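The values are calculated or read from the model by the stated rules, or taken from the named source; none is laboratory data. Model, not experiment: these values are computed from the prediction. Cβ coordinates were reconstructed from backbone atoms using ideal geometry, including for glycine residues, and neighbour counts include every protein chain displayed.
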Amino acid sequence: MAFTLRSVKVPPNSASLEEAKSRVFDFFRQACRSIPTIMDIYNLDDVVTKSELRSSISSQIRKNSHVTNPKVIDLLLFKGMEELNNIVEHAKQRHHIIGQYVLGRQGLAQDLDTKDEGTSDFLKNFYKSNYF
Amino acid sequence: MGLGLLTSRTLKSSRILHSQYSRFRPIVTKPKLQSPDASSAAAAAPQPETTPSPPKKPVGGARIHFTNPDDVIEVFVDGFPVKIPKGMTVLQACEIAGVDIPRFCYHSRLSIAGNCRMCLVEVEKSPKPVASCAMPALPGMKIKTDTPLAKKAREGVMEFLLMNHPLDCPICDQGGECDLQDQSMAFGSDRGRFTEMKRSVVDKNLGPLVKTVMTRCIQCTRCVRFATEVAGVQDLGMLGRGSGEEIGTYVEKLMTSELSGNVIDICPVGALTSKPFAFKARNWELKGTETIDVTDAVGSNIRIDSRGPEVMRILPRLNEDINEEWISDKTRFCYDGLKRQRLNDPMIRGADGRFKAVSWRDALAVVAEVALHVKPEEIVGIAGQLSDAESMMALKDLLNRMGSNNVWCEGTGTNPSADLRYRYLMNSSIAGLEKADVFLLVGTQPRYEAAMINARIRKTVRASNAKVGYIGPPADFNYDYQHLGVGPKTLLEIAEGRHSFCSAILNAKNPAIIVGSGLFEREDKDAIFYAAETIAKNGNVIRPDWNGFNVLLLSAAQAAALDLGLVPESSSSIESAKFLYIMGADDVNLDKVPADAFVVYQGHHGDRSVYRANVILPSAAYSEKEGTYENTEGRTQQTLPAVPTVGDARDDWKIIRALSEVSRICLPYDTLLSLRSRMRTVAPNLLHVDEIEPATFGPSLSIDCTQEINLTPFKAAVENFYMTNSVTRASKIMAQCSAMLLKE
């Protein structure tokens, strides 16, 4: 069992945006390096490829691309590190990984048809639940 | 041995003595304690003149009006001067001074019994403590509520009360909101001297609503006084003497009052509790939501107590202008209907006649498809008696945009007139009825149509001996009334001045005419209203300072529906309908609907109209949504959601808004707020919450009626008080009530 990442300490705050950026790249590399392990322990070979997981990680990072405050980036990095740690430690189960990183946020019930195109937010929310 | 050591040693020994004393504190009373003067002297001696705390505010923020400045007297409560009107009791004076006196038998809305003795206070120059609830305050009286004598008196009363009261608080439904429990904690002794057996009393059967555990009764007689004074039934009484004293019905008899649930609230102990609520929940785990009731047109203020997604019970909320602090049994016990017969999924009737659950997307698509292929004049919409103003506004807007103007609310008749507000409102207001001295009830039975208004009339009859004349089918009211006749014939006689009751109206200072809205359904309603208005004109019923012309509505939606102008274009539209949109209307006659018509039912209960529906759209009940309602006196009030909606149900207005978008005539509001601002352009009074908007114009504007009056007698508008709408018809408790209480 790979507990290698457990020793991760809370690093000092990034002094500048450049430093934060380089840390993000470091984190991305670290995550990519642990992909083979993750594929192995969660038995993901038949549902996803390594490159798909890689692009999933990068899309998670890109989701926060608008953030420019180094403090916020540090916090997001910390959360990402936690998540990676949990995954590598096998603190999660297979369906967590599949649900979050293979299928994406929408889950299995993805509505890909074009019926709702052009309808208002009200109607989309109405179909989901009464409380909006 | 140093001095310091000596001191510490004495201190230590004295501490030991103290602890020993407290461990073996004797239960026996000392002669010194038994003499009140000695004990008060003993207690008063060590603390001679403590600086009094600043004056307190009146209990519950009460305010007093001095009608006559000569009648003001001044008394002293705990050293503070208080000005009160003459005739107030000592207890009321203390309340105005901000001192809450413990009490069991005293209740501000009932007569004074003075039998529990819990409210004893000390009055200077009085040899004994006095029962403050029964003692009138006299000028210059010096009342002391916190003296050792008063405390000791209360402690003694508590000890006597607890002598025969079972200690079953852990299994008692009153536990946690029990007056006896609270006051024994606050004023009781920490030990009792009672070692004998407690007495036990046989439980009484008061019907399906009130559970009795008579051993817990402390004989405060609040329930007896409530039944005789407010509810107007002589069912309960006091039997026996001394320790054999019991509350009961003397013979095996059920309590046949439509207000019987209120004895649960006024019982200070757990002797009378709610039978449907028995052992269902503890009161501290409930979440209270302050909302209003929609089972009749009164709009009683209620608190819905819920646990998670379930409504556990309904309690009244104080509102002096509407329901005081009572509610009717239908309001209180209909809540189990909210759990039965609910519609939880959109459904479409298949070719085999069975309903099949579908998604909202499919259901709305089907409805929109049909609606677009129907001629505009064949589209009809009917709002139900529980609909809120917002959804009725949305329904009217939707149908108007589809090109139809055939939309109305059930119960307002085939040809309602919404032009003159005074013709469908209770113009003298519910609280204003107390000023009336003659009532003329035309085709209405307030006891069954609006129990709270009937309680108000009864209060007036009791207080001022007001005369009540009644035209309608024989009925049993709980006050004295004169049965003038059964139909319009008598009404015409009074209108033409040929009846003996005319002189009563003419001689009255504030005569009140109450016309039942059951008459809306009659063909000759214009003529009847014209006759009633003639009586009003002849009897000087409508004056600048008094408007006694009242219409008593039957359901919560009617006033708002008429304010919003839900009036059908043609009275026979239902016969030619091809697309019928029913929004919770279950009492409308659907026999005349053509067989090929497409019927959409939007509602929360699988009730009568569902049998004819082609599509069901599930919506939220009044306990689950925020909605505006206008009661029969024109007062706007709002419900608040207490529990989440059932299944896949949606709020009424949201369904109509979504349907409008699917049928490509999108209504311009996305939120409740924007819908309300649309409502403001139609009926601004529906946004002034908790206010009465009086009718602007009187009958001076109404034109002479040429309609012929039909002499068929009036019918009772409500056949079964307990089951009048879809919620109450689904309720098991209401079914039990109708089976047990109405057969007698």
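General observations
- Taking residues in region B:169-186 that are over 11 Å from B:THR273 (Cβ atoms), and partners anywhere that are of a type in the set (A, V, I, L, M), the pairs with Cβ atoms closer than 6 Å and at least 6 places apart or on different chains are B:LEU180/B:VAL269; B:SER184/B:MET158.
- Qualifying position, being buried (at least 22 other Cβ atoms within 10 Å of the Cβ), away from every other protein chain (no Cβ under 11 Å), of a type in the set (A, V, I, L, M) and more than 18 Å from the chain's Cα centre (by Cα), among B:ALA649, B:ALA620, B:ALA613: B:ALA613
- Among residues of region B:665-680 that are under 10 Å from B:TRP653 (Cβ atoms), those with a beta-carbon under 6 Å from a residue that is outside any helix (DSSP H, G or I) and not β-branched (Val, Ile, Thr) at least six positions away or on a different chain give the pairs B:LEU675/B:TYR669.
- Spans of strands (runs of 3 or more DSSP E) in region B:613-673 with at least 3 residues of a type in the set (Asp, Glu) and at pLDDT 95 or above: none
- Scanning region A:68-83 finds one or more residues that are more than 21 Å from A:GLY104 (Cα to Cα) and touching a residue at least 60 places away in the same chain (Cβ under 8 Å).
- Any hit, region A:30-52, residues being touching a Gly at 6+ places or on another chain (Cβ under 8 Å), surrounded by fewer than 17 Cβ atoms within 10 Å (Cβ to Cβ) and of a type in the set (S, T, N, Q): no
- Here the condition is being in contact with a strand residue (DSSP E or B) (Cβ under 9 Å, 6 or more places away or on another chain) and of a type in the set (D, E, K, R); of B:ASP336, B:ASP352, it holds for B:ASP336 alone.
- Scanning region B:565-581 finds one or more residues that are modelled with pLDDT under 95, of a type in the set (A, V, I, L, M) and surrounded by fewer than 23 Cβ atoms within 10 Å (Cβ to Cβ).
- Any hit, region B:572-593, residues being within 24 Å of B:ARG354 (Cα to Cα), touching a Ser or Thr at 6+ places or on another chain (Cβ under 8 Å) and within 14 Å of chain A (Cβ to nearest Cβ): no
- Condition met for B:LEU566 (assigned to a helix (DSSP H, G or I) and in contact (Cβ under 8 Å) with a residue 24 or more places away in the chain): no
- Some residue of region B:671-688 being within 14 Å of chain A (Cβ to nearest Cβ) and of a type outside the set (A, V, I, L, M): yes
- Qualifying residues in region A:116-131 (those that are surrounded by 10 or more Cβ atoms within 10 Å (Cβ to Cβ) and modelled with pLDDT under 85) - the one nearest to A:SER56 (Cα to Cα): A:ASP116
- Residues that are polar (S, T, N, Q) and within 32 Å of the chain's Cα centre (by Cα) were ranked within region B:153-185; the one that is nearest to B:LEU272 (Cα to Cα) is B:GLN174.
- Leading residue by the ranking (farthest from the other protein chains (Cβ to nearest Cβ)) among those in region B:625-642 that are under 28 Å from B:GLY308 (Cα atoms) and touching a helix residue (DSSP H, G or I) at 6+ places or on another chain (Cβ under 8 Å): B:TYR629
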